[in-house]
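The values are calculated or read from the model by the stated rules, or taken from the named source; none is laboratory data. Worth saying up front: this structure is predicted, and the values here are computed from it rather than measured. No Cβ is skipped: glycine too gets one built from the backbone with ideal geometry, and neighbour counts run over all protein chains shown.
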Amino acid sequence: MCDIIMLVDIRAFYVTYFVFTTNEGCVLVADVVIEVKDLYKFFEVGSSEVHALDGVDFKVYEGEFCAIVGTSGSGKSTLLNMLAGLEKPTKGEVIIAGHHIEKMNENKLVKFRRDNVGFIFQSFNLLGTMTALENVALPLSFRGMDKEKRLKRAVKMLKLVGLKEHAMHKPNQMSGGQQQRVGMARALVVNPKIMFADEPTGNLDSKTSKDMMRLMREVVNKHHKTLVMVTHDDSLAAIADRVIRIVDGKIVKIEDHRNIDGVQEDKDNEE
Ligand SMILES: Nc1ncnc2c1ncn2[C@@H]1O[C@H](COP(=O)(O)OP(=O)(O)O)[C@@H](O)[C@H]1O
Ligand SMILES: [Mg+2]
């Protein structure tokens, strides 16, 4: 007997599948949701060229919590921006759920992000004049949902992050941790397949950061989201299924924490 830790959900439009064998010989299968191939991003700065991403390859699997870890300036935000289609790569491919992000025009990208992706930002990015409820409901108005439905769904999301009682509070009436939970509810409200978080605890104290990590872990597990989180903090990344280490725009190591016996297996830049 073995525990199945990932549901097999094979849909035709996904590009590849990930298969691995546990110690008990069980084969577990997960879809590849994000595939990054030979990705480069160079910036011209004066007469020199900064190699922010210098040949990056990796995959992200459905339902996993994937942390990208590196020091400041290592290329984490650039990489996340490429994944979200916020910037064009110099070279290489970003394939999400079978779609080539790097080939999409701005209109298609806007629609793709709106339908598939939720963002959590370091600085929360809440609108100060709106209540928590209105902030969470806002992305739904871009989808043309009527107000009653929007607010009902926003209440549900605030409940999910444990903030139902704070629905009528404005950002300046909430702590940093509470504001970030509102940010998370706002990211979840459109029911995205994928969530991207760039240093989501960068403005939080260490205890609140750990609480936030646990909440993110719970959301990934219970609501079957795929989460890609960028952080410089190793201790926070430990909660992720896999940790991708980036140095000077290159992946130097991918650590896999998913072994069902809890034994950590490390791989040196290979998938
Ligand atoms: N728009 C830009 N113009 C020029 N250089 C940039 C730009 N964005 C990022 N960089 C450079 O690319 C490198 C990686 O930056 P970034 O992805 O922001 O790192 P991190 O998020 O890991 O701190 C850094 O050297 C940074 O200065
Ligand atoms: Mg950054």
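For the list (1) within 16 Å of ligand 2 (Cβ to nearest atom); (2) surrounded by 19 or more Cβ atoms within 10 Å (Cβ to Cβ); (3) at pLDDT below 95, I need the number of the one condition that residue 258 fails. (1) is the only condition that residue 258 fails.
Any idea which of 150, 186 is touching a residue at least 60 places away in the same chain (Cβ under 8 Å) and either over 30 Å from residue 37 (Cβ atoms) or more than 16 Å from ligand 2 (Cβ to nearest atom) (or both)? Break it down stepwise before answering.
Values: 150 fails: touching a residue at least 60 places away in the same chain (Cβ under 8 Å).
Exactly one residue qualifies, and that residue is 186.
Residue 141 meets each of the listed conditions (1) touching an Asp or Glu at 6+ places or on another chain (Cβ under 9 Å); (2) at pLDDT below 95; (3) not β-branched (Val, Ile, Thr) apart from (1).
Among what's in segment 51-83 and is of a type in the set (Gly, Ala, Ser) and within 13 Å of ligand 2 (Cβ to nearest atom), pick the residue that is surrounded by the most Cβ atoms within 10 Å (Cβ to Cβ). Spell out the reasoning first.
Going through segment 51-83, the residues of a type in the set (Gly, Ala, Ser) turn out to be 52, 55, 63, 67, 70, 72-75, 77.
Pick out the ones that are also within 13 Å of ligand 2 (Cβ to nearest atom) and you get 52, 70, 72-75, 77.
Values: 52: 22, 70: 21, 72: 8, 73: 13, 74: 22, 75: 25, 77: 18.
The qualifying residue surrounded by the most Cβ atoms within 10 Å (Cβ to Cβ) is 75.
Taking the criterion of being under 24 Å from residue 192 (Cβ atoms), more than 9 Å from ligand 1 (Cβ to nearest atom) and without any contact (Cβ under 8 Å) to a residue 40 or more places away in the chain, the residues of segment 37-88 that qualify are 85, 86, 88.
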